[in-house]
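In what follows, a single structure is set out as structure tokens and then discussed.
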Amino acid sequence: MTDADVIVVGAGLAGLVAACEVLDKGRSVLLVDQENADNLGGQAYWSFGGLFFVDSPEQRRLGIRDSHELALQDWLGTAGFDRPEDHWPLQWAHAYVDFAAGEKRSWLRERGLRTFPLVSWAERGGYDARGHGNSVPRFHVTWGTGPGIVEIFARRVLAPGAKVRFEYRHRVDELIVEAGAVTGVRGAVLEPTTVARGVESSRNATGEFEFRAPAVVVASGGIGGNHDLVRRNWPTRMGRVPNQLLSGVPAHVDGRMLAITSAAGANLINGDRMWHYTEGITNYHPIWPSHGIRILPGPSSIWLDATGRRLPAPLYPGFDTLGTLEYIAKTGHDYTWFVLNARIIEKEFALSGQEQNLDLTERDVRKVLSRIRPGAPAPVQRFVDRGVDFVSATTLRDLVAKMNDVPDVEPLDYDVVEAEVTARDREVANRYTKDSQVTAIRSARNYLADRVARVVAPHRITDPKAGPLIAVKLHILTRKSLGGLETDLDSRVLKPDGTAFDGLYAAGEAAGFGGGGVHGYRSLEGTFLGGCVFSGRAAGRAAVRDNG
Ligand SMILES: Cc1cc2nc3c(=O)[nH]c(=O)nc-3n(C[C@H](O)[C@H](O)[C@H](O)COP(=O)(O)OP(=O)(O)OC[C@H]3O[C@@H](n4cnc5c(N)ncnc54)[C@H](O)[C@@H]3O)c2cc1C
């Protein structure tokens, strides 16, 4: 007796895409999630909706010459695959770049996806041609942000007559394995809750359940909401484990299902590869525990460590997330500082997350156009006014005094900060410079979208006409797990001996976005949502194909 053709654990983006594929093949799905119905879409709902496309019409219209070869060069230079267990991740990387340069955009557009015409430039790199980073802008923001992507797949599973059964508030605690194959799931029924989307919900159980199907897809997300797991998996190459972390994901990103799947016999790999941000700010209006928001910075702020010394080249805002994280971890402090001014914040600060970009989320053209009005964007200004991490002043001396009043900081020596800022400011007097951050700013402004909307002309940070001065205390913000369940190109979960685990599939962040770590050590950004789509689609297709 089975409950459906396929059970999908997790109703985030990867689970939704897998479910849609199963439905499209005329089969039935049972979607099991520990949260309530309001959380459909998981993390993707909160996301900015940035998507990595290669050689898109949007890029071409902006004069960007991208290609499959360039993207693959960037991906492999960024991933740094170097382990025996990178066999499948490497295959996935090739397949994913093919997808991003091929049908990804058209496949999503056929389902209703539209993107904002200005393509952004994430992870600019700053090393050589074969090093980390995007050689060109590739970050396409979904018109409607994260909810716009979720909507496409949610619409399909919620359609009248769809052969879907939803079991919300059902937490899977065990995979049922019989004769070497996964045949179902067991777990606890959690008490009903009406908490809003993203708010941490209770884990009080009111009963037990058991569901059976010939195929189970694990799409349970990563570990970023579980700081104990993040710390336990913290890589030794990154030095000390941070004491203070903010959460960039809701509490349901708890990582439990990875250990459960591993205990059933699946191979879990690359657990020490994670993608956390270094520009986290404390949310003045938190939704989930320790809620932090990521600043998506333009390149002009000067970045100082906790003692006021400038971070080394090329650790500039938006260049190398993980390189910066590794550097910070080794400084012995868990935070750093941006020092900038009103002119820079106005053009160069954006915040990640759908609720921080309501103009794009609500597809409101008038409000989007108002971004070019003078002054910081409204969501950023709210953080300046209300956030604990922001201070401003008209003189550098006053600014440093205010930085020293921010909670939990080491006192800064004014002379150290003044020396760094003044030296940097001297470098903008000429059209040429030895300061590679200033060179990088000039280079970025050769790209039309950056010049118009994202990067200010080089100027003195202390120029009174660009003031007041602003400083931001930046925290480490947990977000993505880059490792996960090892899978082949059909999203079939593998056992430690390399053979496929019958009846078991994995997709999305739980599978390291494909293979157990399609990104290797680092990401080019905008690659996670697409990784959920690509691996979820493969899982849904294979689950149907393999089971008659
Ligand atoms: C603020 C924010 C901004 C982002 N911006 C971007 C972006 O611009 N571009 C990009 O590519 N990516 C972005 N991301 C990342 C991306 O959204 C996620 O990596 C992706 O959505 C993960 O999807 P998933 O389906 O794998 O997992 P999730 O969304 O985490 O869904 C997993 C689901 O499984 C359920 N679950 C877990 N364990 C169990 C269990 N034992 N039993 C039952 N249910 C369980 C959870 O409740 C959850 O609903 C962003 C993420 C956030 C939070």
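The values are calculated or read from the model by the stated rules, or taken from the named source; none is laboratory data. From a predicted model like this one, the values you see are computed outputs, not experimental measurements. Cβ: placed from backbone, ideal geometry, glycine included. Neighbour counts: every protein chain shown.
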Legend entry - Matching entry among Ala122, Ala95 (being surrounded by 15 or more Cβ atoms within 10 Å (Cβ to Cβ) and part of a helix (DSSP H, G or I)): Ala95
Inset, instruction - Report yes if some residue within region 433-449 is exposed (fewer than 14 other Cβ atoms within 10 Å of the Cβ), of a type in the set (Phe, Trp, Tyr), in the same structural domain as Val384 (by TED's automatic domain parsing) and not in a helix (DSSP H, G or I); otherwise report no. - result: no
Legend entry - Wholly enclosed strands (runs of 3 or more DSSP E) of region 1-68 bearing at least 3 residues in the same structural domain as Asn134 (by TED's automatic domain parsing), under 25 Å from the mean Cα position of the chain (by Cα) and not basic (Lys, Arg): 50-52
Inset, instruction - Could you list, in sequence order, all residues of region 137-161 that are within 23 Å of Gly102 (Cβ to Cβ) and surrounded by fewer than 20 Cβ atoms within 10 Å (Cβ to Cβ)? - result: Trp143, Arg156
Inset, instruction - Scan region 138-154 and give yes if some residue there is assigned to a loop (DSSP other than H, G, I, E, B), of a type outside the set (S, T, N, Q) and at negative phi, otherwise no. - result: yes
Inset, instruction - State which residue is nearest to the ligand (Cβ to nearest atom) when the search covers only region 464-489 and only residues that are assigned to a loop (DSSP other than H, G, I, E, B) and in contact with a strand residue (DSSP E or B) (Cβ under 7 Å, 6 or more places away or on another chain). - result: Leu482
Inset, instruction - Find the strands (runs of 3 or more DSSP E) located wholly in region 202-299 whose residues include 1 or more that are crowded, with 23+ Cβ neighbours inside 10 Å and touching a residue at least 40 places away in the same chain (Cβ under 8 Å), and list them. - result: 215-218, 274-282, 292-297
Legend entry - Condition met for His291 (more than 21 Å from Ser392 (Cβ to Cβ) and within 12 Å of the ligand (Cβ to nearest atom)): yes
Inset, instruction - Under 7 Å between Cβ atoms, at least 6 apart or on separate chains: pull out the pairs that start in region 352-368 with a residue that is away from the ligand (no atom under 14 Å from the Cβ) and end on any residue that is part of a loop (DSSP other than H, G, I, E, B). - result: Arg363/Trp143; Arg363/Gly144
Inset, instruction - For region 155-168, name all the residues that are part of a loop (DSSP other than H, G, I, E, B) and among the aromatic types (Phe, Trp, Tyr). - result: Tyr168
Inset, instruction - Only helices (runs of 4 or more DSSP H) wholly contained in region 342-427 count here; list those with 3 or more residues that are surrounded by 14 or more Cβ atoms within 10 Å (Cβ to Cβ). - result: 342-348, 358-361, 378-386, 396-403, 414-426
